Amino acid sequence: MKSQKFNFLLAASAVILVLSLLLIELRRNRLVSVESPNRLVMNTISKIIAVAENKKIAQASIETAYNEVYRLEKLMNRFDPNSQLSEVNRTAGKERVQVDKDLFEILSLSIYYSKLTDGAFDVTVGPLVDLWRKCAEANSLPSEEQLADVKKIIGYDKIILDGNDYSVKFAVEGMRLDLGGIAKGFAADKAQNMMIKSGAAGGLIDLGGQIACFGKPKNDDKWIIGIRNPFKEESNKVLMKLALSNAAAATSGNYERFYTIKGRRFSHIFNPRTETSAQEVSSVTIISTNGSESDALATALNVMGVKKGLELVEKMGTSQAIFVPAENNDTLIKSSGAEKYIF
Ligand code: ADP
Ligand code: MG
């Protein structure tokens with residue numbers, strides 16, 4: 001009698017399990033996937049895909065995600081004189097400037113990654129970037145004197161943050177923050193949060209190759225993304241494909257944005273210590289749990305090079321790195337856990 005009852009319970013549980021699985025599968029099959037047309041944001045081409053119960057939710061989640069990116073761009077674009085970052089750059093050398101909590105957060109994160117990378121990542125590079133840009137326009141290399149002047153006004157240890165009132169101050173006048181090495185990753189994270197809040201079951205945010213994704217695509221288990229080959233001019237030349245879920249990825253290198261002086265190519269990423277452009281690698285792809293980290297590390301590892309860069313990611317354990325070295329560039333160099341993401 002007892003065993004009959006037990007068998008009945010077992011059968012009932014099995015039926016419930018099968019029905020629940022069916023229901024989950026049915027729900028997933030009913031999901032829709034909406035892909036936004038390409039839009040120009042943060043000086044790059046972007047695209048967002050949303051997977052949701054219906055088209056309305058998917059579309060709304062794409063819109064809220066874009067609104068978030070536009071808002072952050074307005075806050076952090078140092079080339080827009082009306083941005084809050086421009087106000088900080090104009091004023092923080094003289095007095096404390098209170099900022100939006102997102103600007104405060106990205107500055108805190110930036111300092112965190114500066115410390116972690118021993119200063120390879122440093123958002124105070126603004127004056128150095130400006131100097132090299134001016135030199136490229138004049139087709140001349142920066143002079144020792146110019147570099148010495150810039151040296152005095154860069155260094156992340158010269159940013160003074162006060163969490164009590166979300167204020168920023170510079171230790172010396174003339175400093176200029178440049179968030180180009182982390183803003184897209186940060187924006188992708190925030191956009192993703194907005195999509196989740198507005199009910200999307202899955203999504204992919206692509207801000208010019210800066211990727212954040214969550215959940216699953218409609219008909220697959222992982223999001224498949226292509227990483228461009230730095231040695232092929234055409235945009236459709238893919239170096240490798242990555243299969244990601246709940247992850248972020250970024251690629252930084254000297255192939256897309258660079259300066260040319262006297263026929264020589266200089267990366268747009270600079271070593272804050274030597275004040276020269278990073279030359280150790282052609283590109284670095286970072287896979288992380290969040291966009292800010294992938295973006296900051298992709299920039300930093302261009303400066304640190306293969307050996308130090310690998311040491312860092314292995315020690316951290318939260319990111320993987322794939323390098324295209326400057327020489328012997330047909331052999332990729334990967335951190336120990338990178339292979340499983342390669343499709
Ligand atoms: P993108 O994704 O636009 O190629 P990256 O993430 O590679 O940008 O960052 C490069 C940008 O970061 C540069 O254009 C400059 O604005 C800024 N930058 C340059 N060198 C550094 C550095 N050492 N640390 C932080 N930011 C940097
Ligand atoms: Mg970056």
Point to revise | Checklist (1) crowded, with 17+ Cβ neighbours inside 10 Å; (2) in a strand (DSSP E or B); (3) aliphatic (A, V, I, L, M) applied to LEU161, failing item | key: (1)
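Pull up segment 1-49, narrow it to residues that are basic (Lys, Arg) and either over 29 Å from VAL69 (Cα atoms) or at pLDDT below 95 (or both), then point me to the one that is most open to solvent (accessible area, probe 1.4 Å).
Filtering segment 1-49 for residues basic (Lys, Arg) gives 2, 5, 27-28, 30, 39, 47.
Checking the rest, the ones that are also either over 29 Å from VAL69 (Cα atoms) or at pLDDT below 95 (or both) come to 2, 5, 27-28, 30.
On the way: LYS2: 179, LYS5: 140, ARG27: 146, ARG28: 60, ARG30: 154 Å².
That would be LYS2.
Would you check if ASP80 is in contact (Cβ under 8 Å) with a residue 24 or more places away in the chain and open to solvent by less than 70 Å² (accessible area, probe 1.4 Å)?
Numbers: in contact (Cβ under 8 Å) with a residue 24 or more places away in the chain: no; open to solvent by less than 70 Å² (accessible area, probe 1.4 Å): yes.
Answer is no for this residue.
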Practice item. Please verify whether segment 56-63 includes one or more residues that are assigned by TED's automatic domain parsing to the domain that holds GLU35, closer than 25 Å to PHE258 by Cα and either assigned to a helix (DSSP H, G or I) or aliphatic (A, V, I, L, M) (or both). Key: no
Revision key, fill the gap. Scanning segment 116-157 for residues that are modelled with pLDDT of 95 or more, in a helix (DSSP H, G or I), open to solvent by 70 Å² or more (accessible area, probe 1.4 Å) and more than 15 Å from SER277 (Cβ to Cβ) gives GLU144, GLU145, ASP149, LYS151, ASP157
Point to revise | Residue in segment 285-313 that is nearest to TYR112 (Cα to Cα), counting only those that are aliphatic (A, V, I, L, M) and within 9 Å of ligand 1 (Cβ to nearest atom) | key: ALA296
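Residue by residue, here is whether (1) without any contact (Cβ under 8 Å) to a residue 24 or more places away in the chain; (2) open to solvent by 10 Å² or more (accessible area, probe 1.4 Å); (3) within 11 Å of ligand 2 (Cβ to nearest atom) holds:
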position: THR274; (1), (2), (3): yes, yes, no
position: SER277; (1), (2), (3): no, no, no
position: VAL281; (1), (2), (3): no, no, no
position: ILE286; (1), (2), (3): no, no, yes
position: SER292; (1), (2), (3): no, no, yes
position: LEU297; (1), (2), (3): no, no, yes
position: ASN302; (1), (2), (3): no, no, yes
position: LYS315; (1), (2), (3): yes, yes, no
Review point. Residues in segment 275-305 that are over 19 Å from PRO325 (Cβ atoms) and not in a helix (DSSP H, G or I): how many?
Key: 4
Check your understanding: Among (1) modelled with pLDDT of 90 or more; (2) open to solvent by 80 Å² or more (accessible area, probe 1.4 Å); (3) not small (Gly, Ala, Ser), where does PHE270 come up short?
Key -> (2)
Revision key, fill the gap. Of (1) away from ligand 2 (no atom under 16 Å from the Cβ); (2) under 23 Å from ASP80 (Cα atoms); (3) assigned to a helix (DSSP H, G or I); (4) in contact with a strand residue (DSSP E or B) (Cβ under 7 Å, 6 or more places away or on another chain), GLN192 satisfies every one except (2)
Review point. Which ones in segment 223-266 are at pLDDT 80 or above, over 17 Å from the mean Cα position of the chain (by Cα) and more than 19 Å from GLY337 (Cα to Cα)?
Key: VAL238, PHE258, TYR259, THR260, ILE261, LYS262, GLY263, ARG264, ARG265, PHE266
Practice item. Tell me which of these ILE45 doesn't satisfy, since it passes every other one: (1) among the aliphatic types (A, V, I, L, M); (2) assigned to a helix (DSSP H, G or I); (3) more than 20 Å from GLY155 (Cα to Cα); (4) touching an Asp or Glu at 6+ places or on another chain (Cβ under 9 Å). Key: (2)
Review point. Among the strands (runs of 3 or more DSSP E) confined wholly to segment 209-258, which include 1 or more residues that are open to solvent by less than 80 Å² (accessible area, probe 1.4 Å) and within 16 Å of ligand 2 (Cβ to nearest atom)?
Key: 210-214, 223-228, 247-253
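The values are calculated or read from the model by the stated rules, or taken from the named source; none is laboratory data. Computed from a predicted model, the values in this text were never measured in an experiment. A quick note on method: Cβ atoms are made from the backbone with ideal geometry, for glycine too, and the neighbour counts reach across all protein chains shown. Surface accessibility is based on the protein's heavy atoms, side chains included, excluding ligands, DNA and RNA. Shrake-Rupley method; radii C 1.70, N 1.55, O 1.52, S 1.80 Å.
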